[in-house]
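One structure is given below, encoded as structure tokens.
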Amino acid sequence: MQSITILGATGSIGVSTLDVIARHPDRYIVYALSAHSRVEELAAQCRQFRPKRAVVGSAAAADQLAALLRAMHLDTQVEWGEAALCDIASNTETDAVMAAIVGAAGLAPTLAAARAGKKVLLANKEALVMSGQLFMDAVRDAGATLLPIDSEHNAVFQCLPANYRRSLAPAGVTKILLTASGGPFLKRAVETLDAVTPDEACKHPKWVMGRKISVDSATMMNKGLEVIEAHWLFGAPADHIEVVIHPQSVVHSMVSYNDGSVLAELGNPDMRTPIAQALAYPDRIESGVAQLDLTQVGTLQFEKPDFNRFPCLALAYDALRAGGTAPALLNAANEVAVQAFLDERIGFRQIDRVIAAVMDALPHGPAPSIEAVLAQDAAARAAAERIIAAGALPMTASA
Ligand code: NAD
Ligand code: MG
């Protein structure tokens, strides 16, 4: 029996994780669940999964949740705030932690899980992008097991040898090929992108996801963050990580070897596959995902990404090559810009402009501690808000 904490239980990944867990009551029990503000959904999850603890984002949400749970005669302990999140992620009573909070808010509890030597199922790519080396050091020092949930990285993980040691050459690996659907605007005329609405940007052709990652997929910043994520997870230099547009989202990513072999992981686009793979690793369990029928898919297409159409992808490669706190700056500026776009304060094509302006305005440096990373994160957020408030951004990205 494995005891599981789910950080971000009410989100898209959280709900898919509980769906897989519900199929295997003989293997998994839920120790704790967290949600930010969706108290009613969290209460319903508590009724079904009977966690010992539930954590929310504010005192008011905690009061509301406690009242709902009392009415259901449940004795789940209700807490709120970051310290409680870190505790449910690191407590001796939990074996594995699904890190599925969105954005920088997930860093502290995800790091707490790593430092406590847990099995960390990593969906929260922003945490790793921000803290890179520090996070990987924590995993190594505490003997934690880090398993990627992001479908691309989960695919790469499955295509690498079992004894892979975060170094490409000894394993004969020449390249990591991350596939990308290209999002909803792959073929739309670039000039019309100024006018797209948040709902249009969130309508992903292949995956149903939270709104932040959906916008990231539309700008391809999601793939940029994934390039940085792949660098840390697999010890791959930027030049050895390539992005390939693959609109069908059936090949979830690939690994090239020096003998000419290319290994790929294929499946229907449904996050329950990587979630089940990581939960049960090294076993295999049923996930609820339909078997892939390649004769139904018919055609698989691949093309090079257009960096002019997707400037965020280039910004992310630049940040990875710059190193230090540059990825943390990139991530923070992106979070603020995406929220501003979702709030209709800036246009879609201003997202990359805000990020580029923040990267230009703030010097990046070494990242010796999490405190230094968080200070840069705060500075980048303030700079992005200032730039947006000044309203001086051009609508169209310069070539
Ligand atoms: P979502 O928006 O659907 O859910 C986010 C979860 O985080 C919710 O449970 C919410 O309550 C919680 N949360 C939000 N803000 C918080 C805060 N300030 N403090 C504490 N908790 C907070 O997002 P999602 O699509 O499930 O994505 C979650 C993470 O997984 C992201 O990092 C995303 O990049 C990654 N991911 C998602 C998918 C996908 O298919 N959805 C695929 C790969 C990776
Ligand atoms: Mg992904």
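Brief remarks on what is shown
- The stretch 86-96 - residue that is touching a residue at least 60 places away in the same chain (Cβ under 8 Å) and more than 13 Å from P51 (Cβ to Cβ) and, of those, nearest to ligand 1 (Cβ to nearest atom): A89
- Verdict on V215 being away from ligand 1 (no atom under 16 Å from the Cβ), touching a residue at least 12 places away in the same chain (Cβ under 8 Å) and closer than 23 Å to N308 by Cα: no
- Residue pairs whose Cβ atoms lie under 9 Å apart, sitting 6 or more positions apart in sequence or on different chains, and linking a residue in the stretch 362-373 that is in contact (Cβ under 8 Å) with a residue 24 or more places away in the chain and more than 19 Å from E385 (Cβ to Cβ) to a partner that is buried (at least 16 other Cβ atoms within 10 Å of the Cβ) and aromatic (F, W, Y), are I370/F135.
- Some residue of the stretch 56-63 being in contact with a strand residue (DSSP E or B) (Cβ under 9 Å, 6 or more places away or on another chain), over 22 Å from Y281 (Cα atoms) and within 9 Å of ligand 1 (Cβ to nearest atom): yes
- Subset of the stretch 170-187 (residues that are assigned to a loop (DSSP other than H, G, I, E, B) and small (G, A, S)): G172, S181, G182, G183
- Considering residues of the stretch 272-285 that are of a type outside the set (A, V, I, L, M, F, W, C) and over 15 Å from V251 (Cβ atoms) only, the residue surrounded by the fewest Cβ atoms within 10 Å (Cβ to Cβ): P282
- Within the stretch 246-265, being in a loop (DSSP other than H, G, I, E, B) and more than 21 Å from P305 (Cα to Cα) holds for N258, D259, G260, S261.
- The strands (runs of 3 or more DSSP E) found entirely in the stretch 89-148 that carry 2 or more residues being closer than 18 Å to V56 by Cβ are 96-99.
- Only one of G224, G235, G172, G210 that is closer than 16 Å to D306 by Cα and either of a type in the set (G, A, S) or surrounded by fewer than 22 Cβ atoms within 10 Å (Cβ to Cβ) (or both): G224
- V78 being surrounded by 20 or more Cβ atoms within 10 Å (Cβ to Cβ), more than 15 Å from L374 (Cβ to Cβ) and free of Cβ contacts under 8 Å to residues at least 40 places away in the same chain: yes
- Among the residues of the stretch 286-323, those that are surrounded by 16 or more Cβ atoms within 10 Å (Cβ to Cβ) and not in a helix (DSSP H, G or I) comprise S287, V289, P305, R309, F310, G323.
- Tally, over the stretch 202-230, of residues that are among the charged types (D, E, K, R), more than 12 Å from ligand 2 (Cβ to nearest atom) and closer than 18 Å to A127 by Cα: 2
- Annotation note: Cβ proximity below 6 Å between a residue of the stretch 145-156 that is closer than 12 Å to A96 by Cβ and of a type in the set (V, I, T) and a residue that is part of a loop (DSSP other than H, G, I, E, B) and within 8 Å of ligand 1 (Cβ to nearest atom) (sequence gap 6+ or interchain) occurs for I149/A123.
- Residues within the stretch 1-21 that are of a type outside the set (V, I, T) and either assigned to a strand (DSSP E or B) or in contact with a strand residue (DSSP E or B) (Cβ under 9 Å, 6 or more places away or on another chain) (or both), tallied: 8
- Residues satisfying the stated conditions in the stretch 276-294, i.e. farther than 20 Å from K118 by Cα and among the acidic types (D, E): E286, D293
- Single residue of the stretch 149-169 satisfying the filter (part of a helix (DSSP H, G or I) and within 16 Å of ligand 1 (Cβ to nearest atom)) that is surrounded by the fewest Cβ atoms within 10 Å (Cβ to Cβ): Q158
- Options A230, A264: the member that is touching a strand residue (DSSP E or B) at 6+ places or on another chain (Cβ under 7 Å) and farther than 28 Å from V336 by Cα: A264
- Filter pass, G183 being surrounded by fewer than 22 Cβ atoms within 10 Å (Cβ to Cβ), within 16 Å of ligand 2 (Cβ to nearest atom) and closer than 22 Å to L330 by Cβ: no
Coordinate-derived values only; no laboratory data. The structure displayed is predicted, hence computed values, not measured ones. Cβ atoms come from the backbone with ideal geometry, glycine included; neighbour counts cover every protein chain shown.
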